[in-house]
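J.: The structure's right below; bear with me while I get my questions together.
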Ligand code: WT7
């Protein structure tokens, strides 16, 4: 079957759909209609059913101070209880988390063990480090069981965690520590990657040089490599944990108390601390786990993300545990020891739902085309992707070779700010099309709008991906900067006189009303499913003494989705600089990027140009630079530029 534009349509597997939570499109439509007709009633019903409230709420949704909305006001709960304690009656001996180390070492904790471990860590934070409700704790960790304990321990005592991805540099870590005014950092000596130890603690040491708000550092000893211990500041988790009581009362939290911060890139040089609160976040994390991955009691679910990103928060730790699932945490990389590693794990653990990023699918395809055939992948039921649009060839390989043309592919579209999935197929219901996120989930008022008029666009017209009503797991603020919150998300699109949430992404409808995400409309690029602000990379590059000006754009990349392309204007001509050639200069600049941000932001290509195309008012014309990087023809009128000849000069250099 195909649609009017000849896109192939794949119907859900009928056998599978029989037992799915949402079994067909009628059920999907019913839920969607319910939410449209009685928005608060819809959410009220799920909030009552899904959450173990300590005290009931009195108001479902308070929009009086929009866009600062409040969900489930008056209610009290504890997210750690929601994820752990409440399962003890029915599944205390079920595997909660399975850990697979880089070198194939395995650990497993049941819900009961998880309960004890979280409580011990909560006591450690409370009693040894004096962490109190509302305090910020930075977690700079590899993928370890202790990382999940740390998150849930914070949730248990009401501390706000801020996880910083382990690939970020000392500078980036310091910025995030300072912005959140964290008083404790939880880290590890290091971990293993490709059978070799790598280190995190030295990065923390560097980040904490000079004056910082951090009083204590808790170090999980994972790889046993030598590290420096600062007396009075650094403590071994492995030592302290032995003395902690396995019982710790959970703090009753208000529905709208903050749960965590997660820094993400925007269109300015400064990353923003996206704030998520308690009840709404955990509710949607659990509901989407159930609807989109459709995990059953005896299933084993694996999401390959890192806990440093929102996917790791919602779909490795909070969502799976809230619903009582078995979730896998993997320390290693998918291509070690070879590109069959994930498929070997699918066979070994009989994994039922597998969730990864398009960039990983492309790499696994390219490096291990014949690997899937070597393993028994018949346990798989649902395959997920997230992070960037998935190209149809990668989609097809995933569908045919990994899913044996029997599994649903859920192309889940969402963001750090949305807390959970927004637009996604439902595995038992939605007919799917390659590269298409399909339809908004029930309860999510996702619409593609014309940015000028605020009206819904026609099929194939293209517009801005917006959400027109607040949803429970939406971002509640940018830490310390309410104005930036308002400006970043509610400034661009106005519908019926009301500013609506704009995602920053462009999208189009097809004739079936399916939504295809076309990519960012702002100066944010998507490298291997990670969000990078061009302004952030530019700010780092400008720290190099020889750089006068720079403009960074995204350029399509075979494996990464987008690569980073920088146009650099040097203060002195290259021949006069101390660097022997472009390569040398590029290495030096990338060195600065590594120091300022981390490896994830290094440029794939750098072009040393005599100047940048600017308007007469001095605005850099990125659209032109993007087109040049892609090798496209410049269709735009360049005569209004300050120096039109620069365009031809640069074009000739590429
Ligand atoms: C941006 C959000 C959501 C967790 C991982 C990234 C892009 C995400 C899809 C998808 C097309 C997607 C968007 C979005 N994106 N999922 N299924 N199809 N694009 O989280 O770092 O907050 O990035 O990733 O551009 O805005 P993030």
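The values are calculated or read from the model by the stated rules, or taken from the named source; none is laboratory data. Everything quoted here is computed from the prediction, not taken from an experiment. FYI the Cβ positions are ideal-geometry reconstructions off the backbone, even for glycines, and counts take in every protein chain you see.
Residue-by-condition table, conditions (1) more than 15 Å from the ligand (Cβ to nearest atom); (2) touching a strand residue (DSSP E or B) at 6+ places or on another chain (Cβ under 8 Å); (3) assigned to a helix (DSSP H, G or I):
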| residue | (1), (2), (3) |
| --- | --- |
| 525 | no, yes, no |
| 539 | yes, no, yes |
| 584 | yes, no, yes |
| 594 | yes, no, yes |
| 607 | yes, yes, no |
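J.: Continuing with the same structure: Only strands (runs of 3 or more DSSP E) wholly contained in the range 135-235 count here; list those with 3 or more residues that are out of contact with any helix residue (DSSP H, G or I) (no Cβ under 9 Å at 6 or more places or on another chain).
T.: Working: elements: 136-140, 160-163, 184-188, 190-193, 196-199, 216-220.
Those strands (runs of 3 or more DSSP E) span 190-193, 196-199.
J.: With respect to residue 355, determine if the residue is within 16 Å of residue 377 (Cα to Cα), within 16 Å of the ligand (Cβ to nearest atom) and not assigned by TED's automatic domain parsing to the domain that holds residue 530. So that I can check it myself, show each step before the final result.
T.: Working: within 16 Å of residue 377 (Cα to Cα): yes; within 16 Å of the ligand (Cβ to nearest atom): yes; not assigned by TED's automatic domain parsing to the domain that holds residue 530: yes.
Yes, satisfied.
J.: Kindly indicate whether residue 263 is buried (at least 22 other Cβ atoms within 10 Å of the Cβ), within 16 Å of the ligand (Cβ to nearest atom) and either farther than 26 Å from residue 191 by Cα or outside the structural domain of residue 161 (by TED's automatic domain parsing) (or both).
T.: On the way: buried (at least 22 other Cβ atoms within 10 Å of the Cβ): yes; within 16 Å of the ligand (Cβ to nearest atom): yes; either farther than 26 Å from residue 191 by Cα or outside the structural domain of residue 161 (by TED's automatic domain parsing) (or both): no.
When the stated conditions are applied, residue 263 does not pass them.
J.: Continuing with the same structure: If I filter the range 384-401 down to residues being more than 19 Å from residue 430 (Cβ to Cβ) and either more than 13 Å from the ligand (Cβ to nearest atom) or outside any loop (DSSP other than H, G, I, E, B) (or both), which single residue comes out as nearest to the chain's Cα centre (by Cα)?
T.: If we filter the range 384-401 for residues that are more than 19 Å from residue 430 (Cβ to Cβ), which is where we start, we get 387-388, 391, 393-394, 397, 401.
From what's left, either more than 13 Å from the ligand (Cβ to nearest atom) or outside any loop (DSSP other than H, G, I, E, B) (or both): 393-394, 397, 401.
Numbers: 393: 23, 394: 20, 397: 24, 401: 26 Å.
Only one residue tops the list, namely 394.
J.: Restricting to the range 453-490, and then to whatever is assigned to a loop (DSSP other than H, G, I, E, B) and within 16 Å of the ligand (Cβ to nearest atom), can you tell me which residue is farthest from residue 314 (Cα to Cα)? Please lay out each step first, then the result.
T.: The initial filter retains those residues of the range 453-490 that are assigned to a loop (DSSP other than H, G, I, E, B), namely 453-455, 457-462, 468-476, 479-481.
Still in the running and within 16 Å of the ligand (Cβ to nearest atom): 462, 471, 473-476, 479.
Details: 462: 30, 471: 16, 473: 10, 474: 13, 475: 13, 476: 16, 479: 19 Å.
Ranking the candidates gives 462 first.
J.: Name every residue in the range 616-654 that is over 35 Å from the mean Cα position of the chain (by Cα) and in a strand (DSSP E or B), in order of residue number.
T.: 641
Yes or no, residue by residue, for (1) under 30 Å from residue 431 (Cα atoms); (2) assigned by TED's automatic domain parsing to the domain that holds residue 37; (3) crowded, with 21+ Cβ neighbours inside 10 Å; (4) within 22 Å of the chain's Cα centre (by Cα):
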{"site": "445", "(1), (2), (3), (4)": "yes, no, no, yes"}
{"site": "451", "(1), (2), (3), (4)": "yes, no, no, no"}
{"site": "457", "(1), (2), (3), (4)": "yes, no, no, no"}
{"site": "461", "(1), (2), (3), (4)": "yes, no, no, no"}
{"site": "471", "(1), (2), (3), (4)": "yes, no, yes, yes"}
{"site": "490", "(1), (2), (3), (4)": "no, no, no, yes"}
{"site": "509", "(1), (2), (3), (4)": "yes, no, no, no"}
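J.: Filter the range 335-372 down to the residues that are part of a helix (DSSP H, G or I) and without any contact (Cβ under 8 Å) to a residue 12 or more places away in the chain, then identify the one that is farthest from residue 193 (Cα to Cα).
T.: Initial filter on the range 335-372 (part of a helix (DSSP H, G or I)): 341-349, 358-367, 372.
Next cut, without any contact (Cβ under 8 Å) to a residue 12 or more places away in the chain only: 341, 348.
Working: 341: 13, 348: 21 Å.
If we take residues in the range 335-372 being part of a helix (DSSP H, G or I) and without any contact (Cβ under 8 Å) to a residue 12 or more places away in the chain, then 348 is farthest from residue 193 (Cα to Cα).
J.: Within the set of pairs 6 or more residues apart or between chains, which connect a residue that is modelled with pLDDT of 95 or more inside the range 383-394 to a residue that is assigned to a loop (DSSP other than H, G, I, E, B) and away from the ligand (no atom under 12 Å from the Cβ) with Cβ atoms less than 7 Å apart?
T.: These pairs meet every condition: 383/403; 383/407.
J.: Let me ask something else. Quick one: would you say residue 438 is in the same structural domain as residue 260 (by TED's automatic domain parsing) and either in contact with a helix residue (DSSP H, G or I) (Cβ under 7 Å, 6 or more places away or on another chain) or within 14 Å of the ligand (Cβ to nearest atom) (or both)? Spell out how you get there, then give the answer.
T.: Numbers: in the same structural domain as residue 260 (by TED's automatic domain parsing): no; either in contact with a helix residue (DSSP H, G or I) (Cβ under 7 Å, 6 or more places away or on another chain) or within 14 Å of the ligand (Cβ to nearest atom) (or both): yes.
Here the answer is no, as residue 438 does not meet what is asked.
J.: Let me ask something additional. Of everything in the range 291-325, what is within 16 Å of the ligand (Cβ to nearest atom) and either assigned to a loop (DSSP other than H, G, I, E, B) or not assigned by TED's automatic domain parsing to the domain that holds residue 162 (or both)? Give them in sequence order.
T.: 304, 305, 306, 307, 308, 309
J.: Another question, if that's okay. Taking the condition outside the structural domain of residue 532 (by TED's automatic domain parsing), under 17 Å from the mean Cα position of the chain (by Cα) and buried (at least 23 other Cβ atoms within 10 Å of the Cβ), does residue 280 pass? Quick ask: steps written out before the conclusion?
T.: Working: outside the structural domain of residue 532 (by TED's automatic domain parsing): yes; under 17 Å from the mean Cα position of the chain (by Cα): no; buried (at least 23 other Cβ atoms within 10 Å of the Cβ): yes.
No, not satisfied.
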